[in-house]
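K.L.:
Here it is, the structure in full.
The values are calculated or read from the model by the stated rules, or taken from the named source; none is laboratory data. Model, not experiment: these values are computed from the prediction. No Cβ is skipped: glycine too gets one built from the backbone with ideal geometry, and neighbour counts run over all protein chains shown. Surface areas here come from the heavy atoms of the whole protein model, side chains and all, with no ligands, DNA or RNA. Shrake-Rupley method; radii C 1.70, N 1.55, O 1.52, S 1.80 Å.
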Amino acid sequence: RCIGRCRSVREELMTGKKSVNLVISNNQYSESLEPKGETFTRELNLEDNIELTTEGFLYNKGRTMYIAYDETEDAGLQNTKTIIKLEGNDKLRIRRYGKDEDSGMMDMQLEEGILNITKYVIPAGNLEMEIYTNKIETSLDDEGYGKIFADYKIKMEPFINVRNKLEIEVKPS
């Protein structure tokens with residue numbers, strides 16, 4: 001459900017927005033410690049890869065950029081909108097909310113070296129989600145075209161403990 005702040009972001013996006021093409025790739029890994037001499041090294045094992053090509057909208061306001069798009073039925077997220085907010089080059093916020101009562105809501109804040117705790121709201125209830133951001137990199141031009149990369153870890157006990165590498169490519173439509 002979208003209440004309050006989601007509505008104001010939607011209204012902001014209605015003025016000054018431009019159409020863009022998005023290529024979104026998310027690799028999800030499990031982590032394991034492997035012996036290396038007398039120490040251990042962290043190994044990443046690819047568990048899942050999702051790639052989505054879609055159309056969306058881009059809106060810039062000062063040093064803050066918004067990207068909005070509708071999720072796809074193929075991803076099992078029909079009737080769901082995602083809004084990505086990039087503040088400067090180091091703070092990324094990803095909000096996903098459903099357009100109807102049966103959809104979930106997620107609000108992730110990614111900031112390099114920071115642990116954020118948030119709720120993932122699904123029809124069955126709320127799950128606590130811990131997100132630790134390893135790295136955020138951007139290579140966007142003045143028009144907002146280019147790439148955003150985020151490397152972060154998600155933990156929802158006892159269900160999920162994975163590392164994600166997300167890449168969002170923003171191209172002219």
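K.L.:
Suppose we filter the range 62-76 for residues that are over 14 Å from G98 (Cβ atoms) and modelled with pLDDT under 85; how many remain?
P.N.:
So the count comes out to 3.
K.L.:
Moving on. Is it the case, given these coordinates, that D107 is surrounded by 18 or more Cβ atoms within 10 Å (Cβ to Cβ) and either more than 19 Å from K18 (Cα to Cα) or of a type in the set (V, I, T) (or both)? Break it down stepwise before answering.
P.N.:
Values: surrounded by 18 or more Cβ atoms within 10 Å (Cβ to Cβ): yes; either more than 19 Å from K18 (Cα to Cα) or of a type in the set (V, I, T) (or both): yes.
Spelling it out, D107 is indeed surrounded by 18 or more Cβ atoms within 10 Å (Cβ to Cβ) and either more than 19 Å from K18 (Cα to Cα) or of a type in the set (V, I, T) (or both).
K.L.:
Of the conditions (1) within 17 Å of I148 (Cβ to Cβ); (2) open to solvent by 80 Å² or more (accessible area, probe 1.4 Å), F40 fails just one. Which one is it?
P.N.:
(1)
K.L.:
State whether the residues of the range 51-58 include one that is in contact with a Gly (Cβ under 9 Å, 6 or more places away or on another chain) and modelled with pLDDT of 90 or more. Please lay out each step first, then the result.
P.N.:
Restricting attention to the range 51-58, the residues satisfying the condition of being in contact with a Gly (Cβ under 9 Å, 6 or more places away or on another chain) are 58.
Imposing the further condition that a residue be modelled with pLDDT of 90 or more reduces the set to 58.
Yes, there is a match, as at least one residue in the range 51-58 is in contact with a Gly (Cβ under 9 Å, 6 or more places away or on another chain) and modelled with pLDDT of 90 or more.
K.L.:
Any residue at all in the range 110-129 that is touching a residue at least 40 places away in the same chain (Cβ under 8 Å), open to solvent by less than 80 Å² (accessible area, probe 1.4 Å) and either of a type in the set (F, W, Y) or closer than 18 Å to I168 by Cβ (or both)?
P.N.:
Yes, that holds for at least one residue.
K.L.:
Continuing with the same structure: Here are some conditions: (1) more than 17 Å from T138 (Cα to Cα); (2) crowded, with 18+ Cβ neighbours inside 10 Å. N49 meets all but one. Which one does it not meet?
P.N.:
Among (1) more than 17 Å from T138 (Cα to Cα); (2) crowded, with 18+ Cβ neighbours inside 10 Å, N49 violates only (2).
K.L.:
Have a look at G56, G98, G113 and point out the one that is on the phi > 0 side of the Ramachandran plot and in contact with a strand residue (DSSP E or B) (Cβ under 9 Å, 6 or more places away or on another chain). Step through it out loud before you land on a result.
P.N.:
Details: G56 fails: on the phi > 0 side of the Ramachandran plot; G98 fails: on the phi > 0 side of the Ramachandran plot.
Of G56, G98, G113, the one residue that is on the phi > 0 side of the Ramachandran plot and in contact with a strand residue (DSSP E or B) (Cβ under 9 Å, 6 or more places away or on another chain) is G113.
K.L.:
While we're looking at this one, here's another question. Mind counting the residues in the range 30-63 that are touching a residue at least 24 places away in the same chain (Cβ under 8 Å) and over 17 Å from V162 (Cα atoms)?
P.N.:
Going through the range 30-63, the residues touching a residue at least 24 places away in the same chain (Cβ under 8 Å) turn out to be 30-31, 44, 47, 49-61, 63.
Subset that is over 17 Å from V162 (Cα atoms): 51-61, 63.
Number of matching residues: 12.
K.L.:
Could I ask something else about it? Tell me yes or no: at least one residue of the range 10-22 is open to solvent by 70 Å² or more (accessible area, probe 1.4 Å), within 19 Å of the chain's Cα centre (by Cα) and at pLDDT below 95.
P.N.:
yes
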